[in-house]
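Let me begin by presenting the structure, written as C-alpha cells, before commenting on it.
The values are calculated or read from the model by the stated rules, or taken from the named source; none is laboratory data. The structure presented is a predicted model; accordingly, all values stated were derived computationally and were not measured. Cβ placement follows ideal geometry from the backbone for every residue including glycine, while neighbour counts extend to all protein chains displayed. Please note that ligands, DNA and RNA were not included when accessible areas were found on the heavy atoms of the full protein model with its side chains. Shrake-Rupley method; radii C 1.70, N 1.55, O 1.52, S 1.80 Å.
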Amino acid sequence: MSGIGKSQKKYLIIKGINEGLYPESVYKFRTIEKANEILQSLEFYFSSAVNFNDPFDCALDEEKKYSLSDFNTWINSFQNGLNDTQKQNLTKMHTQNGQVFHNLVKKIKSKAVNNRGVLALSKTNENILLWSHYAENHTGVAIKLNIAKDPEFFVTPKNIIYTKQYNPLNYLRDSKKSIQDTLSIKSIDWEYEEEIRVYKSTVGVHKIDPVAITDVFFGIKTQKNDIAKIKNTCSKNGLNHVKFYQAEKKYGEFALHFNPI
C-alpha cells in the first residue's frame, strides 16, 4: 500500500475485508496488567522488530553477492541522485570490497525495517498456545478489535506468510519487495499464530477509536478479581459497549469454549 494516500489506504482496507483479504476482527493477547493499561489509555504500542522473540523474524538473508546490474539499478534509484564522488566511492566499494559493501546494504535495509512500528495481532482467539505464550498461561486476556470500525488505526495491515524455506532477497534489485518480504515472511513453525500485523512509519504508541474495541475474552485461569478490574476499567473509560467472555475447556477436546459473563 506504499505510495498511496491514507484515505485510499482506508478504502482498500474496507475493500480487503469485504473481499476476504483481511478479517473483520483481530485479537491482541495480553497479561491483565498490560490489558488494563491499553483499556485505560486506548493506545497500543507499535514495537521495533529488534525487540521480537524470533531472531529470524524481520531478518531474512540477502543474496551473498550483488551483480553489477543490481548495483546500477540501486544507484539509479536514488530520488535525489548521488554526486560523482559518492557514486565513485560506492562503485569502488562494490567492485573491490564486496563484503564491506554487502554489510553496508544490510545496515541500510535493517534501518528501514527496524524503524517501523509493528503491532502483532492474531486472526484467532481459540489457539491454546497463544493463550499460554502471550496471555500469561491463560490468566490474561484477548482483546477483540474490529478493523472496519477504525480502519485508520489499521493502516497498514499485512498478513504473515509462513514457509519452511525462502529464497534470499535482493535489496538492490528491488528494495520494495525485499523490505515487504522481510516484514511478512516467517517460519512455518509460527503458523499457529495466524498473525496479521499493522505497520506504522515510526515506533511508539497509537490511539485507537474505542468503538473498535468490541470484546474482551478472559483465559481459563483468569482470577475473579482481575476480571472485575478489567470490567471496572472499561465502565469508567467509555467502553460500556464491550462484551465479556471467559474461556473453559471443551469436553473431550484440546479446545476452548467461551461463555459470556
(request) May I ask you to verify whether VAL105 is open to solvent by 40 Å² or more (accessible area, probe 1.4 Å) and aliphatic (A, V, I, L, M)? (result) no
Exactly one of SER77, SER110 is part of a loop (DSSP other than H, G, I, E, B) and either open to solvent by 30 Å² or more (accessible area, probe 1.4 Å) or more than 30 Å from ASP215 (Cβ to Cβ) (or both), and that residue is SER77
Among residues of segment 250-259 being over 19 Å from ILE32 (Cβ atoms) and in contact with a strand residue (DSSP E or B) (Cβ under 7 Å, 6 or more places away or on another chain), the residue surrounded by the most Cβ atoms within 10 Å (Cβ to Cβ) is HIS257
Picked from segment 201-217 (must be part of a loop (DSSP other than H, G, I, E, B) and touching a strand residue (DSSP E or B) at 6+ places or on another chain (Cβ under 8 Å)), the residue farthest from ARG116 (Cα to Cα) is ILE208
For HIS94, are the conditions met, namely being more than 30 Å from PHE254 (Cβ to Cβ) and in contact with a helix residue (DSSP H, G or I) (Cβ under 7 Å, 6 or more places away or on another chain)?
yes
Filtering segment 17-34 for residues that are surrounded by fewer than 18 Cβ atoms within 10 Å (Cβ to Cβ) and either modelled with pLDDT under 85 or of a type outside the set (S, T, N, Q) (or both) leaves a count of 5
When restricted to ILE230, ILE220, the only residue touching a Phe, Trp or Tyr at 6+ places or on another chain (Cβ under 9 Å) and either open to solvent by 20 Å² or more (accessible area, probe 1.4 Å) or assigned to a strand (DSSP E or B) (or both) is ILE220
Residue hits (segment 90-102; surrounded by 12 or more Cβ atoms within 10 Å (Cβ to Cβ), out of contact with any strand residue (DSSP E or B) (no Cβ under 9 Å at 6 or more places or on another chain) and assigned to a helix (DSSP H, G or I)) are LEU90, THR91, MET93, HIS94, GLY98, PHE101
Among residues of segment 121-142 being assigned to a strand (DSSP E or B) and touching a helix residue (DSSP H, G or I) at 6+ places or on another chain (Cβ under 8 Å), the residue nearest to TYR22 (Cα to Cα) is SER122
Original post:
Within the bounds of segment 55-66, is there any residue that is in a helix (DSSP H, G or I) and either more than 17 Å from LYS177 (Cα to Cα) or open to solvent by 50 Å² or more (accessible area, probe 1.4 Å) (or both)?
Top reply: no
Considering segment 233-249, residues that are under 15 Å from THR214 (Cβ atoms) and among the polar types (S, T, N, Q), and then whichever is surrounded by the most Cβ atoms within 10 Å (Cβ to Cβ), we arrive at ASN237
Checked segment 35-50 for anything touching a residue at least 40 places away in the same chain (Cβ under 8 Å) and surrounded by fewer than 18 Cβ atoms within 10 Å (Cβ to Cβ); matches are GLN40, SER41, LEU42, GLU43, TYR45, SER47, SER48, VAL50
Note on segment 182-198: residues open to solvent by less than 30 Å² (accessible area, probe 1.4 Å) and assigned to a helix (DSSP H, G or I) are THR182, LEU183, SER184, GLU193
Expected single match for among the hydrophobic types (A, V, I, L, M, F, W, C) and either closer than 21 Å to TYR22 by Cα or out of contact with any Ser or Thr (no Cβ under 6 Å at 6 or more places or on another chain) (or both) among VAL198, VAL203 is VAL198
| message | ASP215 - would you say it is surrounded by fewer than 17 Cβ atoms within 10 Å (Cβ to Cβ) and charged (D, E, K, R)? | response | no
Those residues of segment 142-156 that are farther than 21 Å from HIS241 by Cα and either modelled with pLDDT of 95 or more or not polar (S, T, N, Q) (or both) come to a total of 1
